[in-house]
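**Student:** Pasting in a structure now, in structure tokens, and then I'll have a few things to ask.
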Amino acid sequence: MRALQLTDPGVLEVREVPVPEIGPSDLLIRVGAAGICHSDLHLLHFPYKMREEPLTLGHEIAGTVEAMGSEVDGRVVGERGIVYLCWSCGVCRECIAGNENVCLAAGRTAMPPCPGLGPDGGMAEYVRVPARSFVPIGDLDFLQAAPMADAALTSYHAIRGAREHLHPGSTAVVIGVGGLGHVAVQILGALSATRIVAVDVGETQLDLAKRCGAEITIESGSDTAKQILDLTDGRGADAVFDFVGIDATAQMSVASVAPNGAYRMIGLGGGVPGVTAEPAGGPGWPWGASVRKSYGGTRSDLVDSIALANSGRLTVEVERFDLADARTALDRLESGQIRGRAVLVP
């Protein structure tokens, strides 16, 4: 089969490799589509080899069951679905409680094995996955389904964790209307009656935010936090979701979140928000506000995201690429030229 593999730091190749062998509790998935994420860029630029053998990228995977292991029950060949990306142990306290994304077996890193980030991923014609990671999608198109595995999952999880702040009359701010952010705007609209404010750079992204349901859009700049404060009578936003995560957006979040509000870090830009232990007041961290560094989501979050998509309340803006054009897609993503989500079709 063909697979997009990271063979050395910064080196991507579409290679001919054997179709994966599956174990008794595995599924072999014929890949229908695989989304491209900023995490794939992080891997591409990682200065060391992730492992000795080449790594097949791709953690947003949609496809069809091609074969099943001898111990697999409840699945059928030809069934359509996506792959839940947190390959947790399934038996620890956190997994039993439904918090598979922070599985105890993953230790303090709290990142269970994830396809394309350790095990081989889905930017290929076939992928081996644990049967328990397969989530049915019904008739949902593969191009729409693949981004559910991360773009929707991660956004849904961050928003669900701040639901108590999203009451009627509240204000929620989405910073960064990219692959995750434009999905988050729609999820906020579907789950709550909050007023949605979107922040980004450029009319293209702000227009996308409006189409997704943002009531107010703001061009990101040095006075963005002040504009958010002005919109909220000086108090700040009840919830701020930062899908960028650089210094500027992290500090914007701190300066614009309300007392008792919620600041959720989702973007992985390495930004330092500057939260300090000092008396509240002025532009710094307000009394009672919470900050949470949100990773992935639970299987339940994924099921809910798929339900929103199947009901027509969540639609991903997709740019389609062939597997052979993956490097072009990644380069365009890095230069900010992808609107919504880039998705590969093998």
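**Student:** Could we say that G297 is surrounded by fewer than 23 Cβ atoms within 10 Å (Cβ to Cβ) and either of a type in the set (G, A, S) or assigned to a helix (DSSP H, G or I) (or both) here?
**Tutor:** Taking the combined requirement at face value, the residue does not satisfy it.
**Student:** Are any of the residues in the range 118-140 in a helix (DSSP H, G or I) and aromatic (F, W, Y)?
**Tutor:** no
**Student:** Considering only the range 278-301, I want to know if a residue exists there that is closer than 26 Å to R108 by Cα and of a type in the set (A, V, I, L, M, F, W, C).
**Tutor:** yes
**Student:** To continue, here is another question. Check the range 256-278 and report whether any residue there is in the same structural domain as D207 (by TED's automatic domain parsing) and assigned to a helix (DSSP H, G or I).
**Tutor:** yes
**Student:** Is it true that some residue in the range 73-86 is closer than 24 Å to L268 by Cα, out of contact with any His (no Cβ under 6 Å at 6 or more places or on another chain) and in a loop (DSSP other than H, G, I, E, B)?
**Tutor:** Taking every residue of the range 73-86 in turn, at least one turns out to be closer than 24 Å to L268 by Cα, out of contact with any His (no Cβ under 6 Å at 6 or more places or on another chain) and in a loop (DSSP other than H, G, I, E, B).
**Student:** Could you look through the range 18-29, keep only residues that are in contact (Cβ under 8 Å) with a residue 40 or more places away in the chain and surrounded by fewer than 17 Cβ atoms within 10 Å (Cβ to Cβ), and pick out the one that is nearest to D141 (Cα to Cα)?
**Tutor:** V19
**Student:** Turning to a different aspect of this structure: Looking at this structure, is G63 modelled with pLDDT of 95 or more, surrounded by 15 or more Cβ atoms within 10 Å (Cβ to Cβ) and under 20 Å from S155 (Cα atoms)?
**Tutor:** Here the answer is no, as G63 does not meet what is asked.
**Student:** For the range 132-176, what are the residues that are β-branched (V, I, T) and within 16 Å of the chain's Cα centre (by Cα)?
**Tutor:** Those that are β-branched (V, I, T) and within 16 Å of the chain's Cα centre (by Cα): T154, I159, V174, I175.
**Student:** Specify the residue that is surrounded by the fewest Cβ atoms within 10 Å (Cβ to Cβ); the eligible residues are those in the range 186-220 that are on the phi < 0 side of the Ramachandran plot and of a type in the set (G, A, S).
**Tutor:** Going through the qualifying residues, I end up with A193.
**Student:** Pairs please, first residue from the range 59-72 and over 16 Å from I137 (Cα atoms), second anywhere and of a type in the set (D, E), Cβ atoms under 7 Å, 6+ apart in sequence or on different chains.
**Tutor:** H59/D150; G69/D26
**Student:** Moving on. When the range 235-286 is examined, which residues are found to be modelled with pLDDT under 95 and among the aromatic types (F, W, Y)?
**Tutor:** W285
**Student:** Considering only the range 144-163, state which residues are surrounded by fewer than 19 Cβ atoms within 10 Å (Cβ to Cβ) and either within 19 Å of S311 (Cα to Cα) or of a type in the set (A, V, I, L, M) (or both).
**Tutor:** Within the range 144-163, R160 is the sole residue that qualifies.
**Student:** Within the range 157-220, which strands (runs of 3 or more DSSP E) (wholly inside it) include 1 or more residues that are without any contact (Cβ under 8 Å) to a residue 24 or more places away in the chain?
**Tutor:** In the range 157-220, 216-219 are the strands (runs of 3 or more DSSP E) which contain 1 or more residues that are without any contact (Cβ under 8 Å) to a residue 24 or more places away in the chain.
**Student:** Here is a follow-up. What are the residues in the range 23-60 that are of a type in the set (S, T, N, Q) and not in a helix (DSSP H, G or I), if any?
**Tutor:** If the condition is that a residue be of a type in the set (S, T, N, Q) and not in a helix (DSSP H, G or I), then S25, T56 are the ones that fit.
**Student:** Any residue at all in the range 311-333 that's under 30 Å from E16 (Cβ atoms), of a type in the set (S, T, N, Q) and surrounded by fewer than 16 Cβ atoms within 10 Å (Cβ to Cβ)?
**Tutor:** Yes.
**Student:** Being within 19 Å of A152 (Cβ to Cβ) and assigned to a strand (DSSP E or B) is the filter here, so list the residues in the range 318-344 that pass it.
**Tutor:** Answer for the range 318-344, where residues must be within 19 Å of A152 (Cβ to Cβ) and assigned to a strand (DSSP E or B): V318, E319, R320, R341, A342, V343, L344.
The values are calculated or read from the model by the stated rules, or taken from the named source; none is laboratory data. Source: prediction; values computed, not measured. A quick note on method: Cβ atoms are made from the backbone with ideal geometry, for glycine too, and the neighbour counts reach across all protein chains shown.
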